[in-house]
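First up is the structure itself, then whatever we jot down about it.
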Amino acid sequence: MTFTPRSRKVGVAAALALMTLTPSLAHAQTFTQTTPGEAAPLGPGGNEQDPLNDQRAGERSPTGRLARRQRQPRAPQPPSAEEIQAAAQGVLTATNTNCQITESVLLGQSANKESLYEVACASGPGYLLLTSTPPQATDCMVLAYSAEQARARDPEADVGSQCSLPANNNTMAVITAFAKEAGLACTVDEGSIIGAKPGGAVVYEVGCAGVEGAQINKAASGWEVASCMELVSANASCRFTTPAEQVATLKGWLAGSEAAACDISQARYMGKNANGSFYEAACNGADGVIVRFDTAKAVQQVYPCATAQQIGGGCKLTTTAPAAAPNS
């Protein structure tokens, strides 16, 4: 029997060659913070409401006791909350970014009049939005991850603009929602961005309470998922999944099968073929087994290690002598 030692999904995930995310706003230009406009100075007559001030001022001699004061232009009024949200929504629309705005702020304006906004969204991450040509929308989580990586390389690194709205401090909530969308049926207890695929798709690692986690990324066709046992088999790693959680996962799949009595000490993903996926279980005090599962992780067949040498190269976690050949 032959089967591929790595599934298509894990092949994609294990070959991520995760790149450092370099969002365009990470090193954006300097922005001047906007401040509310101050009241304009009073007119020359001392009464801003008096329509005759300019006339009276013109009649006075500039050398008189009350020298005429030069009228200063009124400072522009800051945009209203509605105007800020409308401008931010314009950038979201122009960049095809899905976000139902719950909060928006204008952070400042660059010397070339490009405005920088931050928005929080009803679901998912928030964004920094730049009215450049073309407009830019950058995920707050991506910015934070990029800053973390830059500071790890150089504690004094300039990490550029970052999100600051309290509502955007929501990494675990976002990753939990993404894990649910990706079909992970577990209680998420840890999570992080871990990089990006060559095409730019952000890759997240998800940790699950008591069972194995996974790496997930959103592709054009939907979420791609690589389980941690699959990743380990491809010489990758999961920070948030322990060997004990891998064992617990396989033990749960074996419940109610002829292999349920196996007191699993180690678990290994072997690969898959058209018939299903294959896992090895080392059993405390007993011979190990190789188990074939269908796509729903229901047990299809159990192969004792003593007779499983032809299944993907046989057992690796259990040292078992081959079964004796029948007498001729």
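For this structure, a couple of remarks:
- If you go through the range 211-223 and keep only what is assigned to a strand (DSSP E or B) and among the aliphatic types (A, V, I, L, M), you end up with Ala214, Ile216, Ala219.
- In summary, Ala214 fulfils each of the numbered conditions (1) in contact with a Lys or Arg (Cβ under 9 Å, 6 or more places away or on another chain); (2) among the small types (Gly, Ala, Ser); (3) buried (at least 22 other Cβ atoms within 10 Å of the Cβ) with the single exception of condition (1).
- Within the range 177-201, tally of residues that are among the small types (Gly, Ala, Ser), open to solvent by 50 Å² or more (accessible area, probe 1.4 Å) and at pLDDT 95 or above: 1
- Residues considered: Glu103, Glu148. Of these, the only one that is of a type in the set (D, E, K, R) and in contact (Cβ under 8 Å) with a residue 40 or more places away in the chain is Glu103.
- Tyr204 meets all of the listed conditions (1) touching a strand residue (DSSP E or B) at 6+ places or on another chain (Cβ under 6 Å); (2) open to solvent by 20 Å² or more (accessible area, probe 1.4 Å); (3) under 30 Å from Pro243 (Cβ atoms); (4) of a type in the set (Ser, Thr, Tyr) but one, namely (2).
- Residue check for Ala86: within 26 Å of Ser192 (Cβ to Cβ) and assigned to a helix (DSSP H, G or I): no
- Of all residues in the range 142-185 being polar (S, T, N, Q) and under 19 Å from Lys218 (Cβ atoms), the one that is nearest to the chain's Cα centre (by Cα): Thr171
- Single unsatisfied condition, Ala220 versus (1) open to solvent by 60 Å² or more (accessible area, probe 1.4 Å); (2) at pLDDT 95 or above: (2)
- Residue within the range 61-82 that is closer than 30 Å to Ser192 by Cα and modelled with pLDDT of 90 or more present: no
- Test: residue in the range 169-187 that is of a type in the set (A, V, I, L, M) and more than 30 Å from Trp253 (Cβ to Cβ): no
- For Val174, the stated conditions hold: it is surrounded by 14 or more Cβ atoms within 10 Å (Cβ to Cβ) and either under 29 Å from Ala94 (Cα atoms) or free of Cβ contacts under 8 Å to residues at least 24 places away in the same chain (or both).
The values are calculated or read from the model by the stated rules, or taken from the named source; none is laboratory data. Here the structure is a predicted model, which is why all the values come from computation and not from measurement. Note that we place each Cβ from the backbone using ideal geometry, even for glycine, and neighbour counts take in every protein chain shown. Accessible surface areas use protein heavy atoms only, side chains included; no ligands, DNA or RNA. Shrake-Rupley method; radii C 1.70, N 1.55, O 1.52, S 1.80 Å.
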